[in-house]
Amino acid sequence: AEAHFEAGVLRGKRILVTSGPTHEPIDPVRYIANRSSGAQGTAIARALRSLGADVVFVTGPADVPPPDGVEVVRVETAAQMQAAVDAALPADAAVFAAAVADWRVASASGSKIKKKDGALPVLEFAENADILAGVSQRISGRPGLVVGFAAETDDVIAHATAKRARKGCDWIVANDVSPETGIMGGSENAVFLISDAGVESWPRMAKEAVAERLAARIAAALVS
Ligand code: CTP
Ligand code: CA
């Protein structure tokens, strides 16, 4: 059974939430990005706020507006997201719901790349820093609870369990984003919560309901 909390249970707790995609420029008019509406991260920030937390919401260019009552930090690239996260710490907990681009274009062009006679541009990529892993592995200033996400298309639990160990976060919220699930871009989510205690399978429910349940679990972890 889920514990029930009064509205102010997270009052005085500072919680960082990342959300949305990042955009990595190719040139001034083009970019590469992950698919992410920002809906799940936004719902989590809103649910934490409604339990009384002071929420810092670091968001890439999302489809949905940020929740009311949170401190919004808008970023575009993964590098900007990392700088915003570093600036927002310390925090009591951090939830990394953003779909961060794994690669940026190594040398984005300052001017628009033009088509010329069928010659194709070749893009060279550089790997972006792993923001979640960096925060999870901090020696000092690590939030007491670090929650990552894992969007997978196969072997969801195995991949997410390995990801949790590799990155060093406390919990991973994992989901299956295979096209046939319809989860990507939809209003519902079906997740596994992976922690030291094992793997919990949550039934498919609205993203807002996932967010409320996760916020209640975060409250239980921070306030017990
Ligand atoms: N993440 C991050 N910084 C990155 C990449 C990912 O903070 N540069 C975070 C995401 O916000 C998410 C978690 O790490 O909470 C897992 O992201 P995911 O893309 O699933 O993990 P990757 O390690 O990038 O693995 P994959 O090769 O499956 O993309
Ligand atoms: Ca990735």
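Quick note: the coordinates plus some simple rules give every number you see, no bench work behind them. Keep in mind it's a predicted model, so treat the numbers as computed, not measured. For neighbour counting, all protein chains shown are included, and Cβ atoms are generated from backbone atoms with ideal geometry for every residue, glycine included.
I'd like to verify a number: residues in the range 28-47 that are among the polar types (S, T, N, Q) and within 18 Å of Phe125 (Cβ to Cβ), how many?
The number of residues fulfilling the criteria is 1.
Testing Gly134 on (1) within 15 Å of ligand 1 (Cβ to nearest atom); (2) in contact with a helix residue (DSSP H, G or I) (Cβ under 9 Å, 6 or more places away or on another chain); (3) without any contact (Cβ under 8 Å) to a residue 24 or more places away in the chain, one condition comes back false. Which one is that?
Here Gly134 meets the rest and fails (3).
Can you find a residue that is touching a Gly at 6+ places or on another chain (Cβ under 8 Å), of a type outside the set (S, T, N, Q) and touching a residue at least 40 places away in the same chain (Cβ under 8 Å) anywhere in the range 190-209?
No, because not a single residue in the range 190-209 is touching a Gly at 6+ places or on another chain (Cβ under 8 Å), of a type outside the set (S, T, N, Q) and touching a residue at least 40 places away in the same chain (Cβ under 8 Å).
Pairs needed: first member in the range 163-189, on the phi > 0 side of the Ramachandran plot; second member anywhere, surrounded by 19 or more Cβ atoms within 10 Å (Cβ to Cβ); C-beta distance under 7 Å; at least 6 residues apart or different chains.
Final answer for the pair search is Gly168/Ser136; Gly185/Ser37.
If a residue has to be surrounded by fewer than 16 Cβ atoms within 10 Å (Cβ to Cβ) and β-branched (Val, Ile, Thr) to count, how many in the range 206-224 make the cut?
Matching residues across the range 206-224 total 1.
Go through the range 75-113 residue by residue and tally those that are in contact (Cβ under 8 Å) with a residue 60 or more places away in the chain, away from ligand 2 (no atom under 14 Å from the Cβ) and of a type in the set (A, V, I, L, M).
Count: 10.
Cβ contacts < 7 Å: first residue buried (at least 24 other Cβ atoms within 10 Å of the Cβ), restricted to the range 20-45; second residue among the β-branched types (Val, Ile, Thr) and part of a helix (DSSP H, G or I), any location; separation 6+ or different chain. Result?
Pairs that qualify, where the first residue is buried (at least 24 other Cβ atoms within 10 Å of the Cβ) and the partner is among the β-branched types (Val, Ile, Thr) and part of a helix (DSSP H, G or I), are Gln40/Val210.
Kindly indicate whether any position in the range 144-165 is touching a helix residue (DSSP H, G or I) at 6+ places or on another chain (Cβ under 9 Å), part of a loop (DSSP other than H, G, I, E, B) and charged (D, E, K, R).
Within the range 144-165, not a single residue is touching a helix residue (DSSP H, G or I) at 6+ places or on another chain (Cβ under 9 Å), part of a loop (DSSP other than H, G, I, E, B) and charged (D, E, K, R).
For the subset of the range 12-61 comprising residues that are touching a Leu at 6+ places or on another chain (Cβ under 7 Å) and of a type outside the set (A, V, I, L, M, F, W, C), which member is farthest from Gly148 (Cα to Cα)?
Applying the filter and picking the extreme gives Gly52.
Inspect all residues belonging to the range 174-187 and state whether any of them is of a type in the set (Val, Ile, Thr), in contact with a Phe, Trp or Tyr (Cβ under 8 Å, 6 or more places away or on another chain) and within 16 Å of ligand 2 (Cβ to nearest atom).
No, the range 174-187 has no match at all.
Since Asp86 meets every condition but one in (1) surrounded by 15 or more Cβ atoms within 10 Å (Cβ to Cβ); (2) within 15 Å of ligand 1 (Cβ to nearest atom); (3) closer than 30 Å to Gly8 by Cβ, which condition does it not meet?
Asp86 satisfies all of (1) surrounded by 15 or more Cβ atoms within 10 Å (Cβ to Cβ); (2) within 15 Å of ligand 1 (Cβ to nearest atom); (3) closer than 30 Å to Gly8 by Cβ except (1).
So, Arg213, is that one in contact (Cβ under 8 Å) with a residue 12 or more places away in the chain, within 16 Å of ligand 2 (Cβ to nearest atom) and out of contact with any helix residue (DSSP H, G or I) (no Cβ under 7 Å at 6 or more places or on another chain) or not?
It is false that Arg213 is in contact (Cβ under 8 Å) with a residue 12 or more places away in the chain, within 16 Å of ligand 2 (Cβ to nearest atom) and out of contact with any helix residue (DSSP H, G or I) (no Cβ under 7 Å at 6 or more places or on another chain).
Looking for something charged (D, E, K, R), farther than 18 Å from Asp196 by Cβ, within 12 Å of ligand 2 (Cβ to nearest atom) and outside any strand (DSSP E or B) - is there at least one such residue anywhere in the range 130-143?
Looking for residues that are charged (D, E, K, R), farther than 18 Å from Asp196 by Cβ, within 12 Å of ligand 2 (Cβ to nearest atom) and outside any strand (DSSP E or B), one finds at least one in the range 130-143, hence yes.
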